[in-house]
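Just below is one structure, and these are the notes that go with it.
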Amino acid sequence: MNTAFLIHVLALGRIRPVAMIAAFVLLVIVFAALFAGVIAPDDPLAQDTPHRLQSPGDGYLLGSDNFGRDVFSRTLHGGRTALTIALASVALGTAIGTVIGLASAYRGGWVDLLVQRVVDAFFGFPLMVLAVVIVATFGPSATTVIAAIAVALAPQVARLSRSSALSVRASGHIVAAHSIGASSTRILFRHFLPHSLGPVLAYATGFVATALVAEAALSFLGLGVPPPDPSWGGMLADGREFLEVAPWLTLVPAVALSVTALCFVVLGDFLRDVLDPTVSVPIHESASTQELVE
Amino acid sequence: MRHRIAAALIVCTLAIALACTSDAIDSPLDAAATNQSPAPSPTTTTLNLDEPLPGVTGIEDRSDLSPKYGDVLVLANRGDPPSGFDPMRTSSIALHHVAGTFFGPGNLVKRCRGNLYLACPYLATSWVSNPGFTEWTFTLRDDALWHDGTPFTPEDVVFWFDLSLNGYKLDGKVRAPAYFKGDLGDIRSVEALPANRVKITLGARNKFFLDVLANPRLKFAHPKHLMEPRLLDGDMSVSPLDIGLVGLGPFVFEDYQRGTQVQVRRFDDYFEVDDVGNPLPYLDGIDYIVVKEPAAMDAAFRSGRLDGGARGFGHYLTTERKQGYIDDLGDDVYYAEIEGGMFRLAFNMLKDGPWQDPRVRRAIALWVDREASIPVVLGGFGWTTPSLGPPNPFKDKAFVVWPTFDTEPLAERRVEAKRLMAEAGHADGFSMGHLCRARQTPGCELLQAQLKELGVDLRIQVIDEGEWNRARVSLDFDSQQGRLSVLPIPEGTEGVYGVYSQSPDSYAKHEDPQVSEFYRLLREATLPERRLDIWRRLQEYIFVEQTYVVTIAEAIYVAPYRSYVKGLIVPPEDGHSNTDFATVWIDQDEK
Amino acid sequence: MTISYLLSRLALIVPTALLASMIVFGIMRVLPGDVAATILSGGGETTHSPEVREALREELGLNDHWVRQYGSWLWGVVNGQFGGDSLVDNQSIRSQIARQLPVTGLLALYTLAASILIWVPLGIIASWQRDKWPDYLIRLIALPGQAVPSFLLALLAILSLLLLFGWSPPIVYTGPLDDPWNHTLMVFWPVLLLTWEFGSHIVRVTRSSMLETLSQPYITVATAKGLPTRAVLLGHALRNALLPIITVLGVQFGALLGGTLILESIFGLPGIGRGLVDAALARDFPVVQSLVTMLVVAMLLVNLLLDLAYARADPSVSFTSSRSTAGTS
């Protein structure tokens, strides 16, 4: 990251105000989630059963849930959990996938072929199936949810990192490095990695949105973060019983989740545009490699 | 003779109920009602003795209208019936809601339609037992036919008991016995006797063998003439579905579309008649639609696609969902109420921990705000226990005024709880694990929040379905939720309150010989008053003196039916009962 | 695209599927929990003795050596039984799949068709009207599909229909040929939601791919030659922009299957989705193994088809390794 790059980003930002707005909103959300403990008026676990299912108003800013807990406080804390899970799972999945993809591209040959087939097999695997197996083995918890989503994302990242690695490999860098006698590790870290990561990072932001929604879906199936710790997905799942009498129980976390996810998607688009011209591969290939793993 | 004693018992209990209802029940429930938010007020069921109690008078609306034949009833079912529709394999309500129609409401006997707590003739017309209650001879009816026209014979009974108790073995291949084998008790032999009779010989005296048999889960779904050939062929896992769901019940199996519906139609040669001699069933048929999502069931019912709701936890209505029904359909719906599962906390007495001290257990029991659990955990329908319930003669009405149990205001109880905790040396509190089933977490969340103020840090351990059966039997946990269905007689509770070595499924794992002694006395008791007395003392011992189990509240399960569905028999408890729907008819004019 | 490559891809499907099935088998064996206990307890409601449970394990073959268990399952797959019987249901897995697969397949097909017919043209329009209001509008509509959980939308849809019109979708499923109107009323809603979710990806890929192609020199030439916009867009640009669109269709196919899972159980469609989750939770090994293996084979085939389509669309791509190595010679 050098100053030229930063200037480039900001310049694009001025042309694309939507992306800047998204970034700003996201910062606010992340800030609120981080400091949930300070901002939240109530303990998210404190129950007040005589005042359950209150609609948003004086007593409770955004209403109270089935146990009389403050929805606003729970949404803030739930955001922390949801974001932690989403970011951690994407980070983990990206790490695993990148390693697999890079290693496979680097080795080439039959190892590459075999790994690629396995990746193919799990590529579009329904997240829920993997999640059930993982959660059932280790018991429902935030960690298992993270693992489940990470494992589901890894093949996509592997695909992506592999293809961009192959493009880099085909370009002049590697041949040149080899010819001056650079060691394999050096080539891997100084050349492969930086150029492969660009597209991956751009897609990672899009994956965060997917992870947020996935956590909600897992909670719906009863496989999400166990109670009483709040998470947006868990609040959605719990609130659905009361959709008619207390819609705020689902709508508040739903709006929070959707807005956050949207911001990530918009940002992801933006990052992709930013990184596009700086990835040093021929244009035709870059288009296909990037759109490959949408 | 039995019937007269039972009748006397009912009169006595009703009298006591009348005495108690006016003061005792209303206060805790009304208190709960007034503490509620402006959200729809939970309709806690206060017993109104001006109306007939559910289950006691039995069939509804008999006096006003006469039943009409015809029409197909459309009910929701919570899922696909599992295990090939085999009642020997599973007790799942998804099966039994449907199975009552083609297998009938019972076996040799059934729970009386007018009174769930008595055994009535079904496939046996009469029975005698020897004075020692070890030999029971049943006379079977001679007009019962399997749906393929084959007569029902004593050999079928012998075959069924053999299959249930011993399974089947052939050439090293094995078929497991029925899951309820243990419930049947020690049966030495089952023989077919001339004149259409069957004799069952027990290994130990059991005065209440009929109550054991009258369990609606025990159904004759295994016709010998169809199953035995398959077993001899080596098909050990042959299921009723494999042989076409041939049963003895009022309806014949017509079609099963997996994931969508089960359809049954009237069996014209059914033997039961109503009390004026009309042949049953009235309905032409029933369509059970598989609707897995409760919200979808609500929408379908409220838009007129269903005549009745599904049975099963999760599909039963909560106060909030019921409000939607009332808003949309008003008087066109009535709500069947069935006493349901209990919400409790049970300690593992075989594991070391602060709960070994009875004062600690008592403190926790006193601390819990039972009334709060009804709207929050039980969907707004329930009673705090022990409390007045439907007219189960063994639900002791006097229990509600039992000293130091449920009668003081919560504030006072909590003061005492704190005192006990301090006296036991745990003024600073402690941490305790709590096993919680994955789809039933609200109860655990409530307990955790409440006990926190007492100083007890309840660590919730959520267990998914697959693990639950292993977890609840193990000795790893500190405390658990516990929820099993048992026979509605005191003797049936030994499986959940008994000593661990005899009953590994018991809620509180203990080896207290006093409890075994109580059950022994219960079995030995000859007079009903004595039986009631022992049961009362057993409950006091387990819940109050030792507090092995903290009883909190009892759910009421609510299922909706359209008002034109007549003749429905609603069991006061155990939703597996009366699912034959033979007495149900549809009033076309009202529809 | 050489025949030998094609054959080698096809040949690799079997070992990959086998590998996947072995992984699943291994995991299922390792999982805590006992399917026999789950079956006998009727959902955790009743008790049973350990002796009965042992006998059931014996009956279901759960006590056999793992090699034998895997072998009998494999044999069940090979001879068309799709792995034998479900442990929980006691019904043949084949009959289960025969009933469920067409339902899920139809849903996927409808969604695919609807997405192509709706979102691809919208993506083209968006690219053509870049940064003008149609572009923003289209992207605005598409965006939430990725950000809002579909099950919530499903529940809201059902509730809204009920409150506004007093109507609910039918609850008894019929095939498209048995009762087309009923079928349509039932599948319309999940397909609508799935298309929206699916479409959010498609429209963006279409748009960016078209933009990419439209910036090529030959497009400028074509426009300069005086070709009408439609001919330029559809005739030239689209054809070259197809590759990534085809790719994303394939990629999202798996996600589509996952999406049908929840919606099927909400809308009462007897598809495969929920059954797989329930089977895994109940430790119904044969079902999980069979379905997972089937899914794996399906994914491999879909990927192969995509690669074939890719090759047809762009002959310059060589297949010495794979389409991912675009541009290498």
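The values are calculated or read from the model by the stated rules, or taken from the named source; none is laboratory data. Keep in mind that what you see is a predicted model, and the values were worked out from it rather than measured. Backbone-built Cβ (ideal geometry, glycine too); neighbour counts: all protein chains shown. Side chains are part of the model used for accessible areas, which takes the heavy atoms of the whole protein and leaves out ligands, DNA and RNA. Shrake-Rupley method; radii C 1.70, N 1.55, O 1.52, S 1.80 Å.
At-a-glance table
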quantity	calculated
For the stretch B:186-259 versus the stretch B:566-591, the gap between their alpha-carbon centres in whole angstrom	25 Å
The stretch C:207-305, relative contact order in percent, only Cα pairs under 8 angstrom and at least six apart counted	19 percent
Residues whose placed amide H lies under 5 Å from that of B:TYR557, excluding near-sequence neighbours	B:ILE338, B:GLU339, B:GLY340
Around A:ALA22: net Lys/Arg minus Asp/Glu count, Cβ-Cβ under 11 Å	0
Relative contact order [Cα under 8 Å, 6+ residues apart], the stretch B:270-329, whole percent	20 percent
10 Å Cβ neighbours from other chains, averaged over peptide A:226-232	4
For B:259-267, mean number of other protein chain Cβ atoms within 10 Å	3
Ordering of B:369-375, B:422-428, B:515-521 by packing [mean C-beta count within 10 Å, highest first]	B:369-375, B:515-521, B:422-428
Total accessible area lost when A and C pair, probe 1.4 Å, Å² to nearest 100	5100 Å²
Estimated buried accessible area (total), pair C and B, 1.4 Å, Å² to nearest 100	4300 Å²
Neighbouring partner chain Cβ atoms per residue of C:93-106, average, 10 Å criterion	1
Accessible carbon and sulfur surface of the stretch B:425-515 relative to its total accessible area, %, 1.4 Å	50 percent
Percent RCO, i.e. relative contact order, over chain C, from Cα pairs under 8 Å lying at least 6 residues apart	26 percent
Pairs from B:LYS110/B:LYS292; B:LYS169/B:LYS219; B:LYS199/B:LYS224; B:LYS418/B:LYS452; B:LYS292/B:LYS322; B:LYS110/B:LYS199 whose Cα-Cα separation, in the structure shown, is over 20 Å	B:LYS110/B:LYS292; B:LYS169/B:LYS219
Förster radius 35 Å - calculated FRET efficiency between B:ARG419 and B:GLU511 (Cβ-Cβ, nearest 0.05)	0.75
Integer Hz, Karplus 6.51/-1.76/1.60 couplings in order for the stretch B:566-576, x for Gly and Pro	10, x, 6, 9, 9, x, x, 8, 6, x, 7
Peptide ranges B:506-513, A:227-234 listed from the most packed, as the mean C-beta count within 10 angstrom indicates	A:227-234, B:506-513
Ratio Rg/Rh [Cα only; Rh per Kirkwood] for the stretch B:136-245	0.95
Among C:118-128, A:203-213, C:173-183, B:158-168, the order from most to least packed when residues are scored by Cβ within 10 Å on average	A:203-213, C:118-128, B:158-168, C:173-183
Per residue accessible area of the stretch C:3-78, 1.4 Å probe, in Å²	47 Å²
Reach of B:LYS591 by Cα under 19 Å, taken over lysines that are not fewer than 8 positions away in the same chain	B:LYS68, B:LYS566
Amide N proximity, the stretch B:160-194 versus B:ASN130 label position 7 Å along Cα-to-Cβ, cut-off under 19 Å	B:185-194
Proportion of all alpha-carbon pairs of the stretch B:70-109 beyond 16 Å (%)	38 percent
Solvent-accessible heavy-atom area per residue, rounded to whole Å², over the stretch C:97-283 at 1.4 Å	39 Å²
Chain C: C-alpha pair distances exceeding 38 Å, %	31 percent
